[in-house]
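Bear in mind these aren't lab numbers, they're just calculated from the coordinates by the rules spelled out. Keep in mind that what you see is a predicted model, and the values were worked out from it rather than measured.
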Amino acid sequence: MDIKEKLTNKEKEGLASVGLELNVLKAVASQKEAQLRMMVGQLLDRLGIDKQRYFLSFNPGENVWEVKLKDGVIVKPGDALYN
């Protein structure tokens, strides 16, 4: 059902503006996710860590940088990480 006749111009403009902004933010987020995947992959490669078994979990605000098994277990110092 077409309701354009029931909407005010202000409502149409507001919805269109927010919708456009959301699309732009989704595109930027997608680009940043790809960039992050690439950077993490390069880091794990440089460290010789098996990307099939481990992932990087991090929180820069708290200076937390952990390698975890893909099943969620935190890897402790001395655990076998390297392929």
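What Kirkwood radius, in Å to one decimal, follows from the Cα pairs of the chain?
After inverting the pairwise mean of 1/r, the radius is 16.4 Å.
Could you work out [θ]222 nm for the chain from helices alone, using -39500 (n - 2.57) per DSSP H run of at least four and dividing by all its residues? Round to the nearest 500 deg cm²/dmol.
Only helices count here, giving -17500 deg cm²/dmol.
Please determine, in degrees from 0 to 90 and to the nearest 10, the orientation of helix 9-47 with respect to the longest principal axis defined by the Cα atoms of the chain, where the helix direction is its Cα long axis.
Value to nearest ten degrees: 10.
Straight-line reach only, C-alpha to C-alpha below 25 angstrom: list the lysines that K12 could link to, leaving out same-chain residues fewer than 8 apart.
K4, K26
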